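So the structure is just underneath, and the comments pick up after that.
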Amino acid sequence: MVLLNETLVVIVRGIIGFFTLLIFTRLLGKEQVGQLTFFDYIMGITIGSIAASLTVDLGSRAWPHWVGLLTWTVAALSMQWITIRWRYISKIIEGEPVVVIMNGKIMEDTMKKIRYRLSDLLVQLRDKGVFDLSHVEFAVLETDGKLSVLKKSQLLPVTPRDLNISTNYFGISSELIYDGVVIEENLKQVNLSPQWLESELQKQGISHPSQVFLASLNTTGELYIDTYKDYLKRIVDISDYPGPN
Amino acid sequence: MKRFLVYLLPVAILALFIFVMNSNIYLQRNRSKDNNFPMYIEKVKEDIRNNRWNEAKINIEKLENSWNLIMPKLQFSVERDEIGDLNASLARLKGAITAEDKGEALADLNEAQEHWNRLDD
């Protein structure tokens with residue numbers, strides 16, 4: 001009798017599970033782990049668990065697990081589509097933010113209704129750097145379980161607008177060189193030529209873009225360049241043990 | 001071209017995975033003379049029914065060889081337990097043929113056939 005190659009089967013099924021999960025999660029979009037609702041979180045665990053069974057549960061065929069993965073992904077995509085299209089259904093499915101502190105007063109009845117403890121509120125306020133309840137004007141418990149806090153207006157930081165100071169526009173920087181490679185698309189987007197970039201590099205004593213780890217241009221026209229060689233005389237080491245960081 | 005690849009590549013990968021996971025359908029139907037498992041099952045059945053034990057001993061070897069040819073490819077798309085059960089049925093069948101036990105041999109043969117048919121369940 002030819003022996004079954006268990007290891008090989010697990011490797012093949014692992015590759016199937018890994019890349020299927022990768023493709024399906026890309027389809028599901030850019031929702032960040034921090035923004036997940038409780039249901040999203042449970043869904044993630046379920047999909048992961050199905051992928052794990054697909055890989056190592058050799059007592060069943062891979063196909064039913066894969067169909068399970070596909071079903072959950074399609075269901076999640078449908079939910080996303082429905083909640084984008086119908087706001088009312090989105091509120092039913094995802095819930096809505098709840099005000100737990102209004103004009104400095106704790107909303108005990110609301111908190112009881114959503115089974116949210118006072119200790120939870122205090123923990124989340126401390127997490128936001130609020131140690132004195134009298135500093136809070138509003139606190140809203142978001143659908144992903146995070147607390148948004150609005151401090152009393154006297155305690156908010158002063159902004160240039162409060163002081164009537166004019167400021168320049170400041171937008172998103174463009175990466176022109178990434179890991180030694182010139183990003184031509186970004187250069188085109190900011191209407192600059194490779195020759196301009198070359199001359200800017202030469203001004204800083206850099207002969208070739210391959211010496212540059214990162215070069216980015218901000219909206220004020222300032223070019224930030226970091227080369228692979230940092231020429232630091234003294235490197236600060238914050239580690240206090242000899243093992244890996 | 002890049003855009004085409006970005007969409008085509010995941011589709012091609014998923015299609016390949018679907019094929020690998022269901023390859024038993026193709027493998028069980030695509031039979032050459034060497035790996036024609038159902039044909040040898042029928043041959044052995046006929047030999048046992050007609051008490052042709054010497055032919056049965058030759059054909060059980062061929063049946064086992066055809067199974068050994070197809071099994072390494074099948075293992076990616078079928079239940080491991082089902083493969084194990086089929087292996088056990090074949091081992092019992094071989095024993096029953098050696099002992100020339102007609103009842104036991106037919107029972108084991110039918111069991112092996114049932115496992116073969118259930119591979120894609």
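The numbers here are math on the coordinates, done by the rules we state, and not lab data. Predicted model only: the values in this text are computed from it and were never measured. A quick note on method: Cβ atoms are made from the backbone with ideal geometry, for glycine too, and the neighbour counts reach across all protein chains shown.
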(request) Could you pull out every whole DSSP H run in chain A that spans at least 20 Å of Cα extent along its own axis and averages 0.0 or higher on the Kyte-Doolittle scale? (result) A:6-28, A:38-56, A:62-85
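Mean residue ellipticity at 222 nm from the helices of chain B, using -39,500 (n - 2.57) per DSSP H segment of n ≥ 4 over the full residue count, to the nearest 500 deg cm²/dmol?
About -26500 deg cm²/dmol.
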(message) Output wanted: per-residue J couplings in Hz (rounded whole) for the range A:166-177, from phi through Karplus 6.51 cos²θ - 1.76 cosθ + 1.60, θ = phi - 60°, x for Gly and Pro.
(response) 7, 10, 7, 5, 9, x, 8, 6, 10, 7, 9, 10
(message) Students often get this wrong: which residues of the range B:24-57 have the backbone nitrogen under 16 Å from the point 7 angstrom along Cα-to-C-beta of A:Leu8?
(response) B:24
(message) Given contacts defined as C-alpha pairs under 8 Å and at least six residues apart, what's the relative contact order of chain B, whole-number percent?
(response) 28 percent
(request) Quick one: net charge around A:Leu217, please, counting Lys, Arg +1 and Asp, Glu -1 for every other residue with C-beta under 12 Å from its C-beta. (result) -3
(message) Through the Karplus equation 6.51 cos²θ - 1.76 cosθ + 1.60, θ set to phi - 60°, convert the phi angles of the range B:30-39 into ³J(HN,Hα) values in whole Hz; use x for Gly and Pro.
(response) 7, 10, 9, 5, 6, 10, 8, 4, x, 5
(request) Report the label-to-label distance for B:Asn110 and B:Ile13 in nanometres (one decimal), using points 7 Å from each Cα along the Cα→Cβ vector. (result) 4.8 nm
(message) Can you give the FRET efficiency to the nearest 0.05 for A:Leu214 and A:Tyr241, using r as the Cβ-Cβ distance and R₀ = 51 Å?
(response) 0.95
(message) Just to verify a number: FRET efficiency for A:Val158 and A:Val181, C-beta to C-beta distance, R0 = 56 Å, to 0.05?
(response) 0.85
(request) Any of B:Lys33/B:Lys57; A:Lys188/B:Lys2; B:Lys43/B:Lys73; B:Lys45/B:Lys94; A:Lys113/A:Lys151; B:Lys45/B:Lys73 with alpha carbons more than 21 Å apart? Name them for me. (result) B:Lys43/B:Lys73; A:Lys113/A:Lys151; B:Lys45/B:Lys73
(message) Please give me the summed charge of the neighbours of B:Gly95: other residues whose Cβ is under 15 Å from its Cβ, Lys and Arg +1, Asp and Glu -1.
(response) -3
(request) Using the Karplus curve 6.51 cos²θ - 1.76 cosθ + 1.60 with θ = phi - 60°, work out ³J(HN,Hα) for each residue of the range B:58-74 in order, rounded to whole Hz, and write x for Gly and Pro. (result) 6, 6, 5, 5, 5, 4, 5, 4, 5, 5, 5, 6, 8, 4, x, 7, 6
(request) With runs of 4+ DSSP H residues as the only contributors, calculate the mean residue ellipticity of chain A at 222 nm using -39,500 (n - 2.57) per run, divided by the residue total and rounded to the nearest 500. (result) -14000 deg cm²/dmol
(message) Quick check: from the Cα gyration tensor, does the range A:161-245 come out rounded (a/c under 1.5), prolate or oblate?
(response) oblate
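Among A:12-22, A:169-179, what's the highest-first ranking by average C-beta atoms within 10 angstrom per residue?
Peptide ranking by packing, descending: A:12-22, A:169-179.
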(request) Decide, for chain A, between rounded, prolate and oblate: order the square roots of the alpha carbon gyration tensor eigenvalues as a ≥ b ≥ c, take rounded if a/c falls under 1.5, and otherwise choose prolate if a/b is larger than b/c, else oblate. (result) oblate
(request) Between A:Lys112 and A:Leu133, take the C-beta separation as r, use R0 = 25 Å, and let me know the FRET efficiency to the nearest 0.05. (result) 0.85
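At 0.36 nm per residue, and after removing the present C-alpha to C-alpha distance, how many nm does the segment from A:Glu94 to A:Ile82 gain when stretched out fully?
Net length gain for the segment: 3.2 nm.
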(request) Calculate the mean, over all residues of peptide B:71-81, of how many other protein chain Cβ atoms lie within 10 angstrom of the residue's Cβ. (result) 5
(request) Could you please report the charge total around B:Val20, scoring K, R as +1 and D, E as -1 over all other residues with beta-carbon less than 13 angstrom from its beta-carbon? (result) +3
(request) Pop a pseudo-label 7 angstrom from the Cα along the beta-carbon direction at both A:Tyr224 and B:Ala91 and give the gap in nm to one decimal. (result) 6.7 nm
(request) Could you work out how far the C-alpha centroid of the range A:29-94 sits from that of the range B:34-80, in angstrom? (result) 44 Å
